[in-house]
1. Confirm whether A:R521 is within 14 Å of another protein chain (Cβ to nearest Cβ) and either in contact with a His (Cβ under 8 Å, 6 or more places away or on another chain) or surrounded by fewer than 21 Cβ atoms within 10 Å (Cβ to Cβ) (or both).
2. Any residue in the stretch A:545-564 that is surrounded by fewer than 18 Cβ atoms within 10 Å (Cβ to Cβ) and of a type in the set (D, E) sitting within a Cβ distance under 7 Å of a residue that is at pLDDT 90 or above and not in a helix (DSSP H, G or I)? List the pairs, counting only those 6 or more apart or interchain.
3. Is it the case that the stretch A:145-162 has a residue that's within 14 Å of another protein chain (Cβ to nearest Cβ), out of contact with any strand residue (DSSP E or B) (no Cβ under 7 Å at 6 or more places or on another chain) and either within 29 Å of A:W207 (Cβ to Cβ) or part of a helix (DSSP H, G or I) (or both)?
4. Could you please let me know if A:V699 is over 15 Å from A:L724 (Cα atoms), among the hydrophobic types (A, V, I, L, M, F, W, C), touching a Phe, Trp or Tyr at 6+ places or on another chain (Cβ under 7 Å) and touching a residue at least 24 places away in the same chain (Cβ under 8 Å)?
5. Would it be correct to say that A:V593 is at pLDDT 85 or above, among the β-branched types (V, I, T) and surrounded by 20 or more Cβ atoms within 10 Å (Cβ to Cβ)?
6. Go through A:G528, A:G564, A:G535, A:G505 for me and flag whichever is modelled with pLDDT under 90 and part of a strand (DSSP E or B).
7. Out of B:I116, B:I73, report the one residue that is touching a Lys or Arg at 6+ places or on another chain (Cβ under 6 Å), surrounded by 14 or more Cβ atoms within 10 Å (Cβ to Cβ), modelled with pLDDT of 70 or more and away from chain A (no Cβ under 14 Å).
Amino acid sequence: MSIGFGFERLGIFTLKYPIAVAIVVFAFSALCVSMLPKVTMDGDVLRIYKNSGEEFNRYDELSKAFGTFENDAYILVKSSNLLDPKTISKLRDLSFDLELSSYAVGTLSPFSLRRPAKGEDGSVPAVPEDMQSKEEVAKILTSLRLSDEIMRNLISEDLSGFVMILFPNKELTTGSGEAEMLDELRALALEYSSDEIEIKITGPPVWKSEMLAASINDQMTFSIIGFFVGALVALFCLRSFWGAVLATLTPFISVLWVIGSVTMLFGSFTFLTNVVVTLVLVIAFAESMYFCFTWLRLWREGMEPNKAIIETIIRVTPAAALTSITTMVAFLSLAITQGQGIREFAFSGVIAVAVAFITLITFLPLALKISIKLGFKPPKKVNIAVEAPIPIAKFLTKKYATIISVLSLIVMLGLLYPHFSLKANFDFKDYLPKKSQALDTAKEIDAGVGGVAPIYIKIPLKDGVSSVTDGDFLTIQNVHKILEDNIGQGKVISAASFSSYSELGFSRERIFKAVGPFLKRRFVTDDGEQALITGFLPTLTSSNDLKIIVENTNNALAKANIEGAQVSGFNVLMAYASTDIIYSLRNGLMIAVLVNILIIGIAFRSWRIALVSVVPNFLPILGTELYLYASGSGLQLTTVIALTIAFGIAVDDTIHFLSAYTRAKNDGLNQAEAVSKALENVGPALIATTLILCAGVFVIIFSSLPQIALFGTLTILTFILALLGDILILPALLIAGGRFFKFSGDTKNEKN
Amino acid sequence: MRKTKLFSITILPVMIISSALISISPAISAPENAELLNSYIGEWKGSGKLNRANNTETIRCKLSVTPAKGSKINYKGKCAVAGANFSIAGTMAYFKEKKRYEAVMSSSTSFSGVAIGERQKDSIDFQLKDRNSETGDRFEIKSNIELSEEVIGIDFSVVNLTTKKVISTIIPFSK
């Protein structure tokens, strides 16, 4: 059995039955092309957190009891002439149109608030309709701000603007519905905007749509540019136009197959599964380059080109199979993490890696055979630039093997400090485009009314009375005060907010009737079993600050003996679940690295080989973590994914090098000669691959999404570290190991 | 707990929208009536004042009418007052043998069922009696509809037969 556990036989099968395989390849490609119009990206962030643990369950229960909040749209209205009764009248019409939107189940604004009518049954709008003067408008709005905590959070202190909140219908805003709702809101904003009235829309639906638009745009732009730049660098390295085309075609087909497969299996991409496309692009590019480099080298050395394809399959694909297995294991290790999002990411990753391997051993050999028939000639020599570093590497590893080895071990041990010091960090704004208008509007809301990002406390009520008993009301008041003490006076709303009406002598029952059933359900469930206390935080509260608020609130609730109280909210869910996911991903990756080192040992039938692969496999991860530590970026979702890709590439490079090394050893070369031979055979391909990947990924640094830009920086760093690990440190370790490694490389099935 | 006001408001959009749809020109034969349902296809909007004993406030409605199978039409409407909105959807057809319009409807309120409209000379009178299942109060709902050019005018009132309180509104709908 080879190091590829026999999976390379599929390549031999391809060459034995080229027409049958070509039909299958063509049919599957056609199927995947037919899937392209159906490709969508699900912007539902909750899908990522689904079943991820206690925070999700709390939020889910909260949503079921009181409605959903993660889709609320905020409409910021500003006017230099807000106090003019005509302006107020026009904005009231806007509030009616918002209420009449097909996508709205309700709205919250100064115009939606009702108060008990004086001296009669029923209620009247809290903002009267017949105001005649600016003074009257100012008096009403000021009075509302002072007497009503909800209004205090919606109307700006200088009375120059207010916030209107639209609660969308969840069923109608799934899928494309959310974008349609935003279109309708934008049309309304345009209709009511004038020289005197400025209307801006923000909130989670806008942020999601901006994130989606930016990431889809980035994906499209960077994939195209990445392919183009990658092909250009392949042309530079191979010095052959058709050679570059051949090397680029495989990743292209891999990406097509992965997009088609994921769409067929999962229906749509998520923010996470979207990443596997990039991953497969990187791996397929690398494998394709190794394959093409080896094939061209064998052909240049005099082997008949068709025979060279077979020989390349025998030499390269076992290592490619092993790389695929190790990468799949890395992904599978993530599947044990709780959360639908991560599981989908894990299985998408496994599928993607398998697809990339199948493309390599089916499509690429067929493409090479066709190119031979079409008269393709190999370039006389690859570019000097990709071969030039090899003699330097050979010189350094031969002369300073011990120094390099010891230094690399010391550095690796030293890098464990930043590794263990890194803290998970999640800030929603990091995921929004740099020039996000919605983010600017959110900042304006924060500046104007102190923010409208909600945090909730759900409490059970003992008596279960719809209009709330005095005992339960006291509990609500206590929790209301606890939250207020933690986030600020006037920043909390609940059933206890209407004290001004109680002081006027209205009963609780009348007050609840007056505010209407929709708003009441945001405070107390219809059955009177549960109550909700809502706090408003600045939209741009960091996850660390949010966690401090949650912890302090929980402590205060415990101290006050409020039983069964649960602090929750979409922001809270994201802050806690995201960091849990980040740690899970990182831990899963570290376990995967260890498991994969074991697999390498089994594949090469040498624990020594497994041991030597520790340094070049860990170094790119630890080195990238040092950058994260030094730059203060911390561990973020994107950075952990970048580390996963780093590992994929590092292990890929290492396996190809070790494969070449063991072949040379089996041919009877001594330790230094075998290392030198491996460097000669694999080194240029490693350098060319790194150049192509760095060039392809370089454009990502210019992404408008900070996370994607950071992802680009990190992957380039890891590609370079992986290359250094494999052409400098790994050879040095093998040479310095001397006698220790002299028995390694007895993989008899491998031949040069 | 009495829910007079709430029930009155919740029944309003149902009746207003039904009335708007039934306001077909009367001086036409049955087949023409059926065909004329199609002339209601489109987006309608209306705004008026809701009058109660001691106060008045704005009510605003919208109605979307789309073609359905045969000579039927589908409709979807929504009305809003400050702090609340109510929606209704259903299908409407003209029944030649009964010489009347019937609208099957479901709403976001407790109301659902079949509304019936009958022609009276130059306008259509619409009447419905219903009982609030929660309070037991009985209601009488009357409306008078006039169609002129592109505007449907609805004069509408709800009387709580138990408390004798009245809520009324006039809403002109236009495309």
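1. Yes, satisfied.
2. Listed by first residue and then by second, the contacts come to nothing, as the list is empty.
3. yes
4. yes
5. Here the answer is no, as A:V593 does not meet what is asked.
6. A:G535
7. So the residue among B:I116, B:I73 that is touching a Lys or Arg at 6+ places or on another chain (Cβ under 6 Å), surrounded by 14 or more Cβ atoms within 10 Å (Cβ to Cβ), modelled with pLDDT of 70 or more and away from chain A (no Cβ under 14 Å) is B:I116.
Conditions (1) within 33 Å of the chain's Cα centre (by Cα); (2) more than 28 Å from A:V277 (Cα to Cα); (3) of a type in the set (F, W, Y), marked per residue:
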{"position": "A:N670", "(1), (2), (3)": "no, yes, no"}
{"position": "A:T689", "(1), (2), (3)": "yes, no, no"}
{"position": "A:L705", "(1), (2), (3)": "yes, no, no"}
{"position": "A:F711", "(1), (2), (3)": "yes, no, yes"}
{"position": "A:I720", "(1), (2), (3)": "yes, no, no"}
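The values are calculated or read from the model by the stated rules, or taken from the named source; none is laboratory data. Everything numeric in this text was worked out from a predicted model, so none of it was measured. With ideal geometry, Cβ positions are generated from the backbone for all residues, glycine too; neighbour counts draw on all protein chains shown.
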